[in-house]
Each structure stands twice: as structure tokens, then as C-alpha cells.
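One structure is given below, encoded as C-alpha cells.
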Amino acid sequence: MSKLQNLPSNLKFWLSKSWVQWALAFVLFFLIAWLYMGNSITTCSNNTAALESDSTGGFAWIQWAGGNGLSWGHTNVANYPLGEALGTPQYITSTVFIAFYKVFSALSTPICGLNLMTLLGYMSSALVMYGLVRWLLKRNDIALFAGYAAGFVPFHQQNATSHINYVFSSPFIAIIWAYLWFISKPTLKKALLLSVISSIGFYFDGYYVLITAVVVGGLFLSSFVLDFIRGLFAKDKRRDIKQKAFLRAKYLLASVLLLAVLLVPILVTYVKSGSEIDQSLATVRSSIKGETETYGLRPIEFLLPSNNNALLSGTNYEKWRATKLHNSNFSESTLYIGYTVIVLAIVSMCYLFYRKHRLVKFRGIAYTDLMFTIAFTFLACFGLSLPAVVTIFGHNVDTPVDILVKMTGDWRVLSRFFLAIDPLVVILASLGLYMITKSRPKYVRLAIVAVCGLLLFLEYLPSPLHTTSNLYKNAPPIYKQLAKDPSVKLVAEYPLASFVYTPEIFTFQPVYNKPLLNSNNGDISEGPFDSSIAGLDDAQTLGVLKRLNVSVIITHGFTANNPNLTTYYVTQPVRRADGKINIPASLYSYKISNAVTPRDSVLVIKNGAQSLSVDAGQISHRYITGEATMGVASVDFSRLAQKYTVGFDLNSVCPVNAHVTISQSGQIIWSGSVNTAPNPVALTVSNKSFDIKTIDCSIGVTNMSSEAIGP
């Protein structure tokens, strides 16, 4: 009996220990992550919620193609026959993420590595926020609420199915924590630690570079802005304010200098490979200012629950919601913070109207100072997450993003600032919850926090839970057939030079494990060679594919109507709800007829072309504005013949004629005027490049071909 009587006191004793509280927080967050992830944890190797995404078609494919080791080099399984480099210069800004992913994958499988990174994203975001709030407020209950709010927000859940990099808010939470620790009592040691923690954001992901810079800049600047405001109204304290500001500035300068040193590898990489990085980014985007219209957040999105919210399932909510979002996918436009969090954040600001609450301090930081720091940084992030131009009461207003896009075009999906915005709002909500409960009895406090946590859990709860797919079981039938067919040696998938189907194409290559003509590298996919055979019905495409010994051609989103293609494998097409075939969602496969003559050479536009497109008839189009360089390339990438006959069609893209001059080695070999109709051009050229120049209008180039003259 005495042991039973002592049980509550013993339990209280153990629960008061810090390591026990951390252990319980870890277990709680793990169980919630397991609830969301399901068998992507228990059967980690092949099941994932991110199948057919940029994760399985990106990092997981690269890890597989590189032999699932700790280093990446060159692979021959893509961009046949040359192969391609798996590492690119821009990966320098993903060093931390990639390092963790490589270790997890090498110890398991590339798919399991993705799942473990997703788990780490949930857990790290939740636990770091838990630690911050627990340190700041000395309230374990509110810390658990904050950890859940920051770790399992729907934005993370959606990105767990596509871009697993963006399940991690932890780097930004850690930066905020380090800064608050610094301003609680500034020291050089804290300032230097702040720079080390900040550097993690610069090495985690390309978008984290921008977000980290804004978060760090906002935090650093906030205290000095507050000093300036305080000095305006407290003239008698200006001397003291200046002394404290000078001391803080001295330490922060040391922090900035150390951070600059830590970022030298990124700066050196950009100096050496800046043009290569810019070109790689340019292949997957259009006008940056225009793309901020597509990918900038809309404030209403903070209030719109996820499309798969359990409380709204079975309603027309998803269709209605789609009309309110920016024009991206759900992983980018699900920016729901939660009404519970938003209301509590507003409550925290309301307490500023009361002087006795403004005097409350947390770790030596006045409530006013803390609120200002968080709010100022929030506004900095929010201002740079919008489109470049917003419409307010019928008037177009430029935002700070307009200045950003004039400086650089490296970032377009600015809604990803949510990764920093959400933790800042969660901190405000935690302060509001603290102020509401701080003077209440313990059990009342716990009850209020528990109710808020339950409400938020329901707000964030997805339906269905833990939906995953198996890489091998859920692969389209064509890929399973390729795996069983030893006669297939090389595969080409169309669209060849488009990123629309890249996630699917490269996700399932490990299933059949055969080389691909396609490249995972954007520079190659839209480079001269791939662009020259981008249309399946281009004059030289089938001949080139035949010469390369392509066994099977797979088409995504269209059927081939070329008489020189015969069906390879009849698959069950995807059907819509009305029973009709959904051609864009179906895959079709073909073999090249024996009647096709292999081509040993291919005519390419080496540089100067732009706006690659393929029309409904599977004819590719490139446009030349000003000047471009064309030439002949050997299909087997060996030596060229001495002379070639080349042919292509030119047309003006304007109502007026374009005047075109073609020259080789300084000699004009063709000139003329072309109208809007296709104008055939036939030339005899040497194996050297030749130049094409247009004036008055840009020209379109189609139906390119070449043939060697003599041996």
C-alpha cells in the first residue's frame, strides 16, 4: 500500500527531470510522425508517400544511379551513351541535407533514405521548437503544443509527398533560438555560435540560402530598429541604449565575419560555376517576375485548411479551395497555419496594450522586445514571400520582391518562406498561450493547453492517414514488362526535353534497371543534342534513335501516330470517371520499324536558340532571335565526315518577312527572305559550325536533318 501511495510523488519526481521530459517529447512526436507516415517507416525500403515526385525522381534516383554509396560521380544509366555527372555545382547549398541522406540511404535503400529524412524533418522541427519554447517559457506543456504546431503543420505533410527538403523548419527555428539566447545576455561566444547555426541554413537547400539570409538579417536588424524607436521616446536613456547597442553590434559583427568565412565554399563555387548554375536554373523556369505571380503566397492561404483535411472530407471544399490558391501544386500552396495558432498569436499581441504585461520578462528579454523581434522578422519574411506585384483595391502595388527579382533570378517559389513564417507565428502563439494561462491553477493551465492541442490536432489531421505507394508494386505495367524483357537494352522516353514527366521517368528506372537516353540534368535535356530530336516525328529523330540502338520508346501524355512505330506492349490505359481513356495520364510504348534507316549524324543548334516546344504533331520548334550557331554532330560521338547535306525549315514569327543570312567560315552560303510559312533550306556544309543571322524578326527552325557526303 505504501508503494502505491508513493506512486504519484515518484512519478512527479521523475517527470520533473529534464531528460525524462525530453524523452517523452521524443516519443510523442515519433508516434505522431508514425501516425502520418505509416508503413513508410515500418516497411521503409520500398514504400513511400513521395512516389513519382521530385524526391524519388531526384535525390533517390541520383543515389541509386550512383551505386547507393556515400559519394556521387558519373553514371552511364542516363544520357546514353555519354552518361552524365550526378553532382552539380549548385548542390553545394544542399551539403548538409545530402550528407544525412547519403548516410541513411547507404545504410538502407534510396527510398528508405527519403523516408528517414522525412522522419528527421518532422522530428527535428518539432523537437527544436519544443526546446526553444521550453527554454523561453519554462513550460513543458506549451512547449509540446509548440513542437507539434511547428513540426506537423500541413505544409510539411504535403511536402513529405513531393519535396522532402521542405519538411525541415528546424534550421530556422534553431537560428531564432540562438538569436534569442544571444540577446538575452550578449556575449562573443553566443554570437559565434549563432553564426555557426546560421551557416547550416546556407548549406541545407538552395531556397534556404535566401530564407536564412532574410531571417538572420531580420533578427539582427530588429534590435537596432527597436533601439532607435526607444531612443526617440526616452531621451534620458539614450546613452544607455547606445552603449548596449554598440556592445551588441560588436558581437554581431564578429558573428557576421565568421559567417562570411563559413560561406567561402559557396562563394568560391558560385565564382567558378556561376554561369553553369544560372543556365541550369534557366532550363526549368520562365520570367522570374512572372513566376513570382505563380509561386508567391496569397495571405488567404494561411486560413485555408489542407485539401485533405479530415474534417472537410466528403465536401466540395477541395474544389472551392483550388479557386483561392496561387497557381502551384498543393505542396507549395498549402500554407495553412491553423486557426488555433493564429488566434493565440493575435492574443499575444493584444497583451501589449497592458503595461503590466509589457514588463514581463522571459530569459531577461522584455515581452515588448521579444514580440517586436518576432514580428519584425515575420514582416521581413512575409514581404519577400509575395508576388512582385499585388493588387490592392484595384491598384497594382510593387512589393519588395520586385527589387529582389531585379537583383537575381535564382529564386521563384517564394511561398517557401512559409518555412520561416510558420515558426515565428507559432512562437507568438506560444506567448499568447502562456499569457492566458500563467496566472491560473496548474490543472486549469494544463486543461487549456490540452484543449488547444486537441483543436490543432484536428485542424492538421489529414485523411486518409499514411497513404504510401510501393516502388515495385505500384510501378506502371510498362516498367514491369521492361524488367522482364532481356532483349530491351536501351529505353527512350518522350517528351525527351521536358521536365513535366521527369519525376515519373526517373522514379521507375530502378524498377527495370536499363539505360535511358533521357538525362536527369536540365542542361543536357534542353541541350543541343536532345533538342535536335525533341519531337518524335522530327525528320531525324527515329533514324538517330535507331542508330543509338534504342529498343523501346515510351510516350507520356500522347499516342504516337508514326507508321514507323509499332506497339511494343499493350497496357491497360488510365480511364477517367466517365470511362473514357485519359490519354495524358497513360503511358504507351513502341518499337522502331526495320524500315527506318539509321542516321550517323544529327543537325543541331549549338547555341543561340530559345523557347524549345513540341507541337501536337510531335514536331519540335526552336526560335532564333538575332544570331545562332548550327552544326553537325556524330550520333555515335566519334569522328565526323568531311561534308554534309543539311536541311531545315525556316519561318518568320512576325507578320513581316525575316531576312536571313547563313555563313560558314566567313563565306555566305545562303541568304534570303522567309515568310510565316515553312521555307525549306538545303545546304552543303563542311563538318564545321555555321552561323545563321536574322534581322527584322525572329525565326522558327523545324525539321532539321543531315546526311554525310562520302565516307
For this session: Test PHE204 against the stated conditions and say whether it is surrounded by 24 or more Cβ atoms within 10 Å (Cβ to Cβ), touching a residue at least 60 places away in the same chain (Cβ under 8 Å) and farther than 17 Å from THR377 by Cα.
Result: yes
Problem set entry | Check on LEU379, under 23 Å from MET349 (Cα atoms), of a type in the set (A, V, I, L, M, F, W, C) and assigned to a helix (DSSP H, G or I) | yes
Exercise. Looking at (1) among the charged types (D, E, K, R); (2) assigned to a loop (DSSP other than H, G, I, E, B); (3) under 16 Å from ALA345 (Cα atoms), which is the only condition ASP422 fails?
Worked result: (2)
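Within the stretch 646-668, count every residue that is open to solvent by less than 60 Å² (accessible area, probe 1.4 Å) and either among the aromatic types (Phe, Trp, Tyr) or assigned to a strand (DSSP E or B) (or both). Can you show your working first?
Of the residues in the stretch 646-668, the ones open to solvent by less than 60 Å² (accessible area, probe 1.4 Å) are 646-652, 654, 658, 660-664.
Subset that is either among the aromatic types (Phe, Trp, Tyr) or assigned to a strand (DSSP E or B) (or both): 646-652, 658, 660-664.
So the answer is 13.
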Exercise. Just one of LEU144, LEU119 is open to solvent by 20 Å² or more (accessible area, probe 1.4 Å), in a helix (DSSP H, G or I) and under 20 Å from TYR208 (Cα atoms); which is it?
Worked result: LEU119
Exercise. Only one of (1) outside any helix (DSSP H, G or I); (2) over 16 Å from ILE164 (Cβ atoms); (3) open to solvent by less than 30 Å² (accessible area, probe 1.4 Å) fails for VAL20. Which number is that?
Worked result: (1)
For this session: Provide a single number: the residues in the stretch 61-81 that are of a type in the set (A, V, I, L, M) and either more than 13 Å from ASN518 (Cα to Cα) or open to solvent by 50 Å² or more (accessible area, probe 1.4 Å) (or both).
Result: 3
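For every residue, the table says whether it meets (1) more than 27 Å from VAL500 (Cβ to Cβ); (2) touching a residue at least 24 places away in the same chain (Cβ under 8 Å); (3) in contact with a Gly (Cβ under 7 Å, 6 or more places away or on another chain); (4) of a type outside the set (Gly, Ala, Ser).
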| residue | (1), (2), (3), (4) |
| --- | --- |
| ALA50 | no, yes, no, no |
| GLY69 | yes, yes, no, no |
| GLU84 | no, yes, no, yes |
| THR95 | yes, yes, no, yes |
| ALA99 | yes, no, no, no |
| VAL103 | yes, yes, no, yes |
| LEU114 | no, yes, no, yes |
| LEU119 | yes, yes, no, yes |
| LEU132 | yes, yes, no, yes |
Seminar exercise, completed: Taking the stretch 674-711 and keeping residues outside any loop (DSSP other than H, G, I, E, B), more than 19 Å from ALA609 (Cα to Cα) and either open to solvent by 40 Å² or more (accessible area, probe 1.4 Å) or not hydroxyl-bearing (Ser, Thr, Tyr) (or both) leaves ALA682, LEU683, THR684, VAL685, GLU707, ALA708, ILE709
Seminar exercise, completed: Here the residues within the stretch 570-598 that are more than 18 Å from PRO495 (Cα to Cα), modelled with pLDDT of 90 or more and in contact with a Ser or Thr (Cβ under 9 Å, 6 or more places away or on another chain) are SER593
For this session: Scan the helices (runs of 4 or more DSSP H) fully inside the stretch 511-564 and keep the ones with 3 or more residues being within 13 Å of TYR80 (Cβ to Cβ) and in contact (Cβ under 8 Å) with a residue 40 or more places away in the chain.
Result: 541-547
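Could you grab me the full set of residues in the stretch 243-260 that are closer than 15 Å to ILE197 by Cα, touching a Leu at 6+ places or on another chain (Cβ under 9 Å) and either aromatic (Phe, Trp, Tyr) or touching a residue at least 12 places away in the same chain (Cβ under 8 Å) (or both)?
At the first step, the residues of the stretch 243-260 found to be closer than 15 Å to ILE197 by Cα are 252, 254-260.
Now drop any that are not touching a Leu at 6+ places or on another chain (Cβ under 9 Å), which leaves 252, 254-255, 258-260.
LEU252, ALA254, SER255, LEU258, LEU259, listed by residue number.
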For this session: Please verify whether the stretch 335-349 includes one or more residues that are touching a residue at least 24 places away in the same chain (Cβ under 8 Å), more than 29 Å from ASN307 (Cα to Cα), surrounded by fewer than 17 Cβ atoms within 10 Å (Cβ to Cβ) and among the hydrophobic types (A, V, I, L, M, F, W, C).
Result: yes
For this session: Provide a single number: the residues in the stretch 414-448 that are of a type in the set (A, V, I, L, M, F, W, C), touching a residue at least 40 places away in the same chain (Cβ under 8 Å), surrounded by fewer than 22 Cβ atoms within 10 Å (Cβ to Cβ) and out of contact with any His (no Cβ under 7 Å at 6 or more places or on another chain).
Result: 2
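The values are calculated or read from the model by the stated rules, or taken from the named source; none is laboratory data. These numbers were taken from a predicted model, which means no experiment stands behind them. Cβ sites come from the backbone with ideal geometry, for glycine too, and all protein chains shown count toward neighbours. To get the accessible areas, we keep the full protein, side chains included, count just its heavy atoms, and leave off ligands, DNA and RNA. Shrake-Rupley method; radii C 1.70, N 1.55, O 1.52, S 1.80 Å.
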